[in-house]
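The values are calculated or read from the model by the stated rules, or taken from the named source; none is laboratory data. On a predicted model such as this, the values are computed, not experimentally measured, just so you know. Every residue, glycine among them, receives a Cβ derived from its backbone with ideal geometry; neighbour counts consider all protein chains shown.
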Amino acid sequence: MPHRLMLLDTASLYFRAFYGLPDTIRREDGTPVNAVRGLLDMIARLTIDFEATHLVACWDDDWRPQWRVDLIPSYKSHRVAREVAGAPDVEVVPDALEAQIPMIRRVLELAGIAVVGAAEHEADDVVGTYATNAGLPVDVVTGDRDLFQVIDDDRQVRVIYTARGMKNLEVVTDAVVVGKYRVLPEQYADYAILRGDASDGLPGVGGIGEKTAAALLGEYGTLEMLLAAATDAESGLSASVRAKLAAATDYLKVAPTVVNVARDLGLPTLEEAGAQLRPVAGDSRAGLERLATEWNLGGSVRRLLEALDKRQ
């Protein structure tokens with residue numbers, strides 16, 4: 001089987017699993033396990049359907065890095081559960097899901113699935129770094145449009161988009177991005193900066209919506225070239241757009257640093273991370289089978305083991 005890397009935007013998936021399955025699915029002590037079950041079923045199906053040979057569960061070691069907040073204070077501010085001076089922000093996560101995150105880490109460990117995060121960075125930055133440097137065809141599994149910026153047909157990087165649910169997965173390539181947004185994937189971050197993104201707390205440029213953002217990038221190529229045109233009296237940029245960009249000068253200076261995912265983090269290699277999928281054997285398999293019973297994980301563990309058994 002040709003090598004193919006799958007990168008999971010893990011939090012995006014376990015949130016989807018949590019809300020997609022009833023939290024009445026519980027282990028004996030009453031702790032919900034719906035997110036654990038759902039995530040394992042997703043991994044089993046995805047690795048088989050998309051023929052992954054390598055897998056990394058990319059982790060949010062810092063879901064809202066302070067350096068991004070320092071540049072744009074509204075960044076993900078609507079997701080903050082509470083603010084404590086001198087302490088990291090706490091994300092809004094239902095208690096019933098919070099209790100399952102350690103279980104998810106334990107099951108992934110026993111299954112031999114690589115979990116990789118990076119200090120002061122989000123899972124998106126881990127995805128960006130591996131997608132750029134892996135040297136393999138890559139499938140990025142996410143429900144967030146932010147990661148459309150890593151799509152690259154030439155390097156065989158695509159997104160498996162989960163926003164419409166696991167029964168309606170969408171394979172997003174260059175052509176899909178162009179068809180939906182009228183920009184290339186490498187322009188998507190600039191597009192998001194211009195039009196804004198409420199889901200990430202990005203204000204955008206006042207008066208510039210999706211159509212105008214796409215048209216401007218279609219004409220000028222990049223945000224940098226657009227801003228250069230805005231200061232060039234000889235360019236054909238309208239006075240109205242010049243004024244809008246000028247009003248957003250401070251935001252536009254810092255937004256690219258916030259919105260563009262990292263591509264050069266010092267991450268372990270795929271080999272060092274243990275990303276190659278293999279059948280689970282020995283004590284790890286016994287441990288998983290035991291947890292399947294103790295934690296009421298039903299057939300989810302069995303389906304995951306069967307999927308990994310195919311990676312002989």
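Would you check if L108 is within 17 Å of the chain's Cα centre (by Cα), at pLDDT 95 or above, of a type outside the set (V, I, T) and surrounded by 14 or more Cβ atoms within 10 Å (Cβ to Cβ)?
Values: within 17 Å of the chain's Cα centre (by Cα): no; at pLDDT 95 or above: yes; of a type outside the set (V, I, T): yes; surrounded by 14 or more Cβ atoms within 10 Å (Cβ to Cβ): yes.
Considered against the rule, which asks whether it is within 17 Å of the chain's Cα centre (by Cα), at pLDDT 95 or above, of a type outside the set (V, I, T) and surrounded by 14 or more Cβ atoms within 10 Å (Cβ to Cβ), L108 comes out as no.
For segment 44-97, enumerate the residues that are outside any loop (DSSP other than H, G, I, E, B), at pLDDT below 95 and of a type in the set (D, E, K, R).
Those that are outside any loop (DSSP other than H, G, I, E, B), at pLDDT below 95 and of a type in the set (D, E, K, R): R79, R82, E91, D95.
Taking E219, is it modelled with pLDDT of 95 or more, among the acidic types (D, E), closer than 16 Å to V150 by Cβ and surrounded by fewer than 20 Cβ atoms within 10 Å (Cβ to Cβ)? Before you say what the answer is, go through the steps one by one.
Working: modelled with pLDDT of 95 or more: yes; among the acidic types (D, E): yes; closer than 16 Å to V150 by Cβ: no; surrounded by fewer than 20 Cβ atoms within 10 Å (Cβ to Cβ): yes.
Against the criterion (modelled with pLDDT of 95 or more, among the acidic types (D, E), closer than 16 Å to V150 by Cβ and surrounded by fewer than 20 Cβ atoms within 10 Å (Cβ to Cβ)), E219 does not qualify.
Test of understanding: among E98, E170, E120, E91, which residue is farther than 19 Å from Y188 by Cα, touching a strand residue (DSSP E or B) at 6+ places or on another chain (Cβ under 7 Å) and not aromatic (F, W, Y)?
Working: E98 fails: touching a strand residue (DSSP E or B) at 6+ places or on another chain (Cβ under 7 Å); E170 fails: farther than 19 Å from Y188 by Cα; E120 fails: touching a strand residue (DSSP E or B) at 6+ places or on another chain (Cβ under 7 Å).
Only one candidate passes the filter, namely E91.
Check segment 58-79 and report whether any residue there is out of contact with any Pro (no Cβ under 8 Å at 6 or more places or on another chain), of a type in the set (D, E) and more than 28 Å from L252 (Cα to Cα).
Among the residues of segment 58-79, not one is out of contact with any Pro (no Cβ under 8 Å at 6 or more places or on another chain), of a type in the set (D, E) and more than 28 Å from L252 (Cα to Cα), which makes the answer no.
Among the candidates G274, G287, G282, single out the residue that is within 30 Å of L39 (Cβ to Cβ), under 24 Å from the mean Cα position of the chain (by Cα) and not basic (K, R). Working first, answer last.
Working: G287 fails: under 24 Å from the mean Cα position of the chain (by Cα); G282 fails: under 24 Å from the mean Cα position of the chain (by Cα).
On inspection, the qualifying residue turns out to be G274.
For A134, indicate whether it is assigned by TED's automatic domain parsing to the domain that holds L39 and under 26 Å from S199 (Cα atoms). Write out each step before concluding.
Working: assigned by TED's automatic domain parsing to the domain that holds L39: yes; under 26 Å from S199 (Cα atoms): no.
No.
Can you tell me which residue in segment 145-167 is surrounded by the most Cβ atoms within 10 Å (Cβ to Cβ), limited to those that are at pLDDT below 95 and in a loop (DSSP other than H, G, I, E, B)?
Ranking the candidates gives A163 first.
Of the conditions (1) over 22 Å from T47 (Cβ atoms); (2) touching a residue at least 60 places away in the same chain (Cβ under 8 Å), L297 clears all except one; give me its number.
Evaluating L297 over (1) over 22 Å from T47 (Cβ atoms); (2) touching a residue at least 60 places away in the same chain (Cβ under 8 Å) leaves (1) as the failure.
Somewhere in segment 173-189, is a residue closer than 25 Å to Y14 by Cβ, under 19 Å from the mean Cα position of the chain (by Cα), outside any helix (DSSP H, G or I) and among the β-branched types (V, I, T)?
For segment 173-189, residues closer than 25 Å to Y14 by Cβ, under 19 Å from the mean Cα position of the chain (by Cα), outside any helix (DSSP H, G or I) and among the β-branched types (V, I, T): absent.
Is there any pair with a first residue in segment 18-32 that is farther than 18 Å from R290 by Cβ and β-branched (V, I, T) and a second that is at pLDDT 95 or above and in a loop (DSSP other than H, G, I, E, B) whose Cβ atoms are under 6 Å apart and which are 6 or more apart or on different chains, and what are they?
Matching pairs, first to second residue: I25/V33.
Looking at segment 33-84, which of the residues that are of a type in the set (A, V, I, L, M) and without any contact (Cβ under 8 Å) to a residue 40 or more places away in the chain is farthest from G165 (Cα to Cα)?
Restricting to residues being of a type in the set (A, V, I, L, M) and without any contact (Cβ under 8 Å) to a residue 40 or more places away in the chain, the top hit is V84.
What are the residues in segment 237-280 that are among the small types (G, A, S), in the same structural domain as A134 (by TED's automatic domain parsing) and either part of a helix (DSSP H, G or I) or at pLDDT below 95 (or both), if any?
If the condition is that a residue be among the small types (G, A, S), in the same structural domain as A134 (by TED's automatic domain parsing) and either part of a helix (DSSP H, G or I) or at pLDDT below 95 (or both), then A273 is the only one that fits.
Just to be sure, is T212 within 24 Å of I43 (Cα to Cα), at pLDDT 95 or above and assigned to a helix (DSSP H, G or I)? Break it down stepwise before answering.
On the way: within 24 Å of I43 (Cα to Cα): no; at pLDDT 95 or above: yes; assigned to a helix (DSSP H, G or I): yes.
Spelling it out, it is not the case that T212 is within 24 Å of I43 (Cα to Cα), at pLDDT 95 or above and assigned to a helix (DSSP H, G or I).
Output the number of the condition that Y251 fails; it satisfies all remaining conditions of (1) closer than 23 Å to T53 by Cα; (2) surrounded by 14 or more Cβ atoms within 10 Å (Cβ to Cβ).
For Y251, the exception is condition (1).
If you go through segment 299-312, how many residues are within 10 Å of V36 (Cβ to Cβ) and in a loop (DSSP other than H, G, I, E, B)?
Here is the first cut: in segment 299-312, the ones within 10 Å of V36 (Cβ to Cβ) are 300-301.
Checking which are in a loop (DSSP other than H, G, I, E, B) leaves us with none.
Matching residues across segment 299-312 total 0.
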